[in-house]
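What follows draws every value from the coordinates through simple rules; no lab data is involved. What you see is a predicted model, and the numbers here were worked out from it, not measured in a lab. When we count neighbours, we look across all protein chains shown, and the Cβ atoms used for this are built from the backbone with ideal geometry, even at glycine.
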Amino acid sequence: MRFPDDVPVLTDGPVTLRAHTAADIGPAYETCQDPEMQRWTTIPVPYLQEHAVSFLTEQIPANWADGSSYAWAIQYDGRYAGTIDLRDGRGGVGEVGFAAAPWARGNGVMTRAVKLVVRYAFDRLGWSRVIWRAYVGNWGSRRVAWKAGFRSLVTMPQEGLQRGVRRDEWVASVTPDDDLEPQGHWWDIPVIESNGVRLRPLVPTDAERVMAACNDERTKLWLAGLPSPYGLDDAHGFIEGRISWAADGDGVSWAIADPETDELLGNVSAFDLRNRNDPTIAEIGYWGHPDARGRGVMSAAVGLAIKHAFTPLDDGGLGRRRLVLYAAAPNTASAHVAEVNGFVRTGLARSASARRDGTYEDLISFDLLATEHPDYRKLLENVAD
């Protein structure tokens, strides 16, 4: 194809994909200064103006000419918003790659762009599959792929090569018969603040506090599966794992934070959201930093998590019907948190809770029904009125 004359313009209205122009050199260069852009792509670092000039005026036109890849500039709100391309395509299978300018992120721009080029790959190029790949940890790219309908995600150890270093990659794909819509739930983790505590997503800067909490003797006593000693890598792994929970539809996990300092005081989670036997239930779990004990922090935090779990899906909640909770019989503090929040004891499993020293404690089970929650009863009263 001749560049730029033969480059097709693709648009869905808000987003337009077009041929790159010399006017895109400056914005593309600025985009490539972004630390996240450098972290998750293979662009040269440092990225110089000459790199942008070469990419836009030499490499992209040459690739269109020989059919090795097809790159478009993304235009949104009248501005250059990034670049997206289709590459390879041998045997009717190829890959999509994309990068957004920082200012354009979070507006659904890239999801729209991906859907446009995927449809082009199927309808115009005759491809039978489009593959997406990203380095493990690039949650922004993974969320775009999820929104655009990519599925059958797998992790490929050391599949990627970035500036001479092998990295693990996520890989997923779509076919012409697949709906370009999300598959399953990617749970949002809202910020909820009330009763003197804040629930918010865990972030990497929480790692030091997570490590301190998980090295506490009382925490280790009741969470026998924790590594000991618990290192900073363990804490970062825990935080990444909670993000994965949400992305996979398995659970929602919050940092319990001080409303004034935002310092982590503990963790509360609603998980087992894809329970095969009963997808309307969830389990509640929690642990606290020593600084938070004796202040009612955990009881308040669990109360907020319960309310969100019972909030209907259409209202942004988890839409649960029943919650369950377990506590070792000697862990009276944990049982107190459950009972303060209305959980009812439903049974006792003898010698079912493992201790770190190889012994076992009895395990108390609790549950709470949505119909028993005060907010649910208030809703029914309002409907009756």
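Using the charge dipole of region 192-384 (Lys, Arg: +1 at Cβ; Asp, Glu: -1 at Cβ; taken about the Cα centre), state which of GLY288, ALA349, ALA212 has its Cα farthest towards the positive end.
The residue sitting farthest along the positive end of the dipole is ALA349.
In deg cm²/dmol and to the nearest 500, what is the mean residue ellipticity at 222 nm of the chain if only DSSP H runs of at least 4 residues count, each as -39500 (n - 2.57), divided by the residue total?
That comes out to -8500 deg cm²/dmol.
Please grab the % of Cα pairs in the chain that end up more than 34 Å from each other.
It works out to 41 percent of all Cα pairs.
Working out 0.36 nm times the residue gap between PHE271 and ARG163, then minus their Cα-Cα distance, what length gain in nm do you get to one decimal?
Answer, rounded to one decimal: 35.1 nm.
What residue among THR31, VAL53, SER128 has its Cα farthest toward the positive end of the dipole of region 10-174, where the charges are +1 on Lys, Arg and -1 on Asp, Glu, each on the Cβ?
Positive-most Cα among the choices belongs to SER128.
Quick one: which residues, 5 or more positions from ARG129 or on another chain, have an amide H under 5 Å from its amide H? H modelled 1.01 Å from N in the peptide plane, none for Pro or chain starts.
GLY94
Which one, TRP254, TRP72, TRP64, has the greatest fluctuation when you compute a Gaussian network model over the chain with C-alpha springs under 10 angstrom?
TRP64
Using a Gaussian network model on the chain with a 10 Å cutoff between Cα atoms, which of LEU180, LEU153, LEU199 fluctuates the most?
Looking only at LEU180, LEU153, LEU199, the largest GNM fluctuation is found for LEU153.
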